[in-house]
Amino acid sequence: MERLQKVIANSGFTSRRKAEALIEQGKVKVNGIVIKELGFKVKSSDDIEIENKHLKIEEKEYYLLYKPEKTITSVKDEVGRKTVIDLISTKARIYPVGRLDYDTTGILLLTNDGELANILMHPSFSVEKTYIAKVKGILTGEEFKQLKKGIIIEGRKVIPNRVKLRMKNKEKNFSKIEITITEGRNHIVKKVFESLNHPVESLKRESFAFLTLEGLKKGEYRALSIKEIKKLYALK
């Protein structure tokens, strides 16, 4: 048996926080009875209604997408731009785990498993993400030292797990830097390099935990294996 709000969240219907609010507002029924208790536990055979709509428990699906540029990391977009959901053929109500900017490419996970999504996004589990940033200018040795020691962004220090120079082009005045972080704040990689006066010209996420883009081209995706899913859960 599992808590009612967890079952609702894991179904992909809404987040756990919103599920709790719906329960407290008396908008959730179990077997025809209104439930307002957040600790209430349900069985898989129980009939759950949310605002008089029966909850459909979907099979869990897990995808790894090579996100292309000019794609919104969202379930839908108000102005009709292409979203990452548009790239995956499924009827399940999947959603992205975290986000990548509109112009950022690379690895993105999508699922309807709320529990796993929470594990992967929660800062306490320190999931590593590796990016390749093409930045304006050539970083000096002193700037590399500063980067490795940590950069204060909005009052909090960002300390990369690893930093490596991939290439530099003096003629065209740019560098490619590999940076591995566990941070999840919005635009954090861009903000780190902007603070060093080396604005990011393009950004690609090459890996997420142990997962890579091997075998995929931009816009392509694949389902995760059972072994990979178990390994992701083990990060907890």
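Return the pairs, sorted by first residue and then second, in which the second residue is open to solvent by 100 Å² or more (accessible area, probe 1.4 Å) and among the charged types (D, E, K, R), the first residue lies in the range 81-93 and is over 19 Å from GLY106 (Cα atoms), the beta carbons are less than 9 Å apart, and the residues are 6+ apart or on different chains.
ALA92/GLU59
Residues in the range 162-174: is at least one exposed (fewer than 11 other Cβ atoms within 10 Å of the Cβ), of a type outside the set (A, V, I, L, M, F, W, C) and either closer than 24 Å to ASN118 by Cα or in contact (Cβ under 8 Å) with a residue 40 or more places away in the chain (or both)?
Checking the range 162-174: not a single residue is exposed (fewer than 11 other Cβ atoms within 10 Å of the Cβ), of a type outside the set (A, V, I, L, M, F, W, C) and either closer than 24 Å to ASN118 by Cα or in contact (Cβ under 8 Å) with a residue 40 or more places away in the chain (or both).
For the range 194-222, what are the residues that are open to solvent by 60 Å² or more (accessible area, probe 1.4 Å), in contact with a strand residue (DSSP E or B) (Cβ under 8 Å, 6 or more places away or on another chain) and more than 20 Å from VAL163 (Cβ to Cβ)?
GLY215, LYS217, LYS218, GLU220, TYR221, ARG222
Among the residues of the range 56-87, how many are at pLDDT 90 or above, within 29 Å of LEU4 (Cβ to Cβ) and of a type in the set (A, V, I, L, M, F, W, C)?
2
Among (1) in contact with an Asp or Glu (Cβ under 8 Å, 6 or more places away or on another chain); (2) of a type in the set (D, E, K, R); (3) more than 18 Å from LEU100 (Cβ to Cβ), where does LYS145 come up short?
Condition not satisfied by LYS145: (1).
If you take the residues of the range 1-11 that are surrounded by 22 or more Cβ atoms within 10 Å (Cβ to Cβ) and not β-branched (Val, Ile, Thr), which of them is modelled with the lowest pLDDT?
If we take residues in the range 1-11 being surrounded by 22 or more Cβ atoms within 10 Å (Cβ to Cβ) and not β-branched (Val, Ile, Thr), then ALA9 is modelled with the lowest pLDDT.
Quick one: which strands (runs of 3 or more DSSP E) lie wholly within the range 138-234 and hold at least 2 residues that are not charged (D, E, K, R)?
Once the strands (runs of 3 or more DSSP E) in the range 138-234 are filtered for at least 2 residues that are not charged (D, E, K, R), what remains is 151-153, 162-169, 174-181, 200-208, 221-223.
Do we have any residue at all in the range 33-50 that's touching a residue at least 24 places away in the same chain (Cβ under 8 Å), within 19 Å of ALA117 (Cα to Cα) and not in a loop (DSSP other than H, G, I, E, B)?
No: the range 33-50 contains no residue that is touching a residue at least 24 places away in the same chain (Cβ under 8 Å), within 19 Å of ALA117 (Cα to Cα) and not in a loop (DSSP other than H, G, I, E, B).
Kindly list the number of the only condition in (1) of a type outside the set (A, V, I, L, M, F, W, C); (2) under 18 Å from the mean Cα position of the chain (by Cα); (3) part of a strand (DSSP E or B) that fails for SER124.
(3)
Going by what's in this entry, would ARG99 be described as in a loop (DSSP other than H, G, I, E, B), within 19 Å of PHE208 (Cα to Cα) and open to solvent by 60 Å² or more (accessible area, probe 1.4 Å)?
Here the answer is yes, as ARG99 does meet what is asked.
The values are calculated or read from the model by the stated rules, or taken from the named source; none is laboratory data. These figures come from a predicted structure and were not determined experimentally. Glycine also receives a Cβ, built like all others from the backbone with ideal geometry; neighbour counts cover every protein chain displayed. These accessible areas exclude ligands, DNA and RNA; they are computed on the full protein's heavy atoms, side chains included. Shrake-Rupley method; radii C 1.70, N 1.55, O 1.52, S 1.80 Å.
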